[in-house]
Every structure is written in structure tokens, then in C-alpha cells.
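**Student:** Following this message is one structure expressed as C-alpha cells.
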Amino acid sequence: MQRFQKKGMLDSPILKEAHDSITPQERAAFELNYGISERIYQILQEKGMSKRDLAKLTGKKESEVSRWFSFGHNFTCKTIAMIQVSLGEPIIEIAVVSTKSGTPKE
């Protein structure tokens, strides 16, 4: 949520109150979904592609792809996998943690 504070989006008392009332779980879920859509957008930019191109690649309607970039969209693992395969780029990476040491495996 620091991104929004930097942009001055929490200057409104109403937005600040809404921000302060969400739970840590809700905040974490929002940050994950926002990060995923940011990553997809980054890949599109790097490849010189549009949302329309992504819709064609995934076989989805343009309106559905647009929803992926809206606030509050909840990505499923299946959708992330489909986008990742379609773009040929990783969207998210999972750290595998050793159960013995609690540190990431290499």
C-alpha cells in the first residue's frame, strides 16, 4: 500500500479510512493481485504487446483481459498459468523452503 501513499492517493479522508479498515490478509491479497497485474503489464510492454494481443493469445475476450488489470481482480492459479504459458514468461516465482532449515532451497 505504500505505492498509493507515495502517489498521494490517501489524501482523501474517505480513502484513508477505507485503507485503515482493511485487514492484513485483505491488504496482502490486494498487493499480490496488484503485483501480478503489474508483472503482466511489464511483460506486455517489454514485448511491445497490447491487451488486445494478450486476449488473442489466451483466447479470452478483450473485456476479460481488461478486468485482469482492474483493482480488485482476484487471479486464480489456473489463470496465472494460462497467461504465463501464453506469454512464455514467468509471472510469479515460488520459493521452495527447506523444512529443516526454513531457508529457500537452491
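**Student:** Is there any pair with a first residue in the range 41-65 that is on the phi > 0 side of the Ramachandran plot and a second that is of a type outside the set (A, V, I, L, M) and surrounded by 14 or more Cβ atoms within 10 Å (Cβ to Cβ) whose Cβ atoms are under 9 Å apart and which are 6 or more apart or on different chains, and what are they?
**Tutor:** Correct list of pairs: Gly59/Ser86.
**Student:** Continuing with the same structure: Here are some conditions: (1) of a type in the set (Asp, Glu); (2) at pLDDT 90 or above; (3) loosely packed, with under 12 Cβ neighbours inside 10 Å. Glu89 meets all but one. Which one does it not meet?
**Tutor:** Condition (3) is where Glu89 drops out.
**Student:** What pairs come out if I take residues in the range 12-32 that are modelled with pLDDT of 85 or more and pair them with residues that are among the small types (Gly, Ala, Ser) whose C-beta lies under 8 Å away, six or more apart or interchain?
**Tutor:** These pairs meet every condition: Phe30/Gly72.
Each row is one residue, and each column tells you yes or no for (1) basic (Lys, Arg); (2) surrounded by fewer than 12 Cβ atoms within 10 Å (Cβ to Cβ).
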site	(1), (2)
Arg39	yes, no
Ala55	no, no
Gly59	no, yes
Ser70	no, yes
Lys78	yes, yes
Met82	no, no
Val85	no, no
Val97	no, yes
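**Student:** Taking the range 58-99 only, how many residues are hydrophobic (A, V, I, L, M, F, W, C), under 19 Å from Glu31 (Cα atoms) and not in a helix (DSSP H, G or I)?
**Tutor:** Total satisfying the criteria: 7.
**Student:** If we keep just the residues of the range 33-77 that are within 26 Å of Ile22 (Cβ to Cβ) and among the basic types (Lys, Arg), which is farthest from the chain's Cα centre (by Cα)?
**Tutor:** Arg67
The values are calculated or read from the model by the stated rules, or taken from the named source; none is laboratory data. In this text, all values refer to a predicted model and were calculated from it rather than measured experimentally. In this analysis, Cβ positions are derived from the backbone assuming ideal geometry, glycine residues included, and neighbour counts consider all displayed protein chains.
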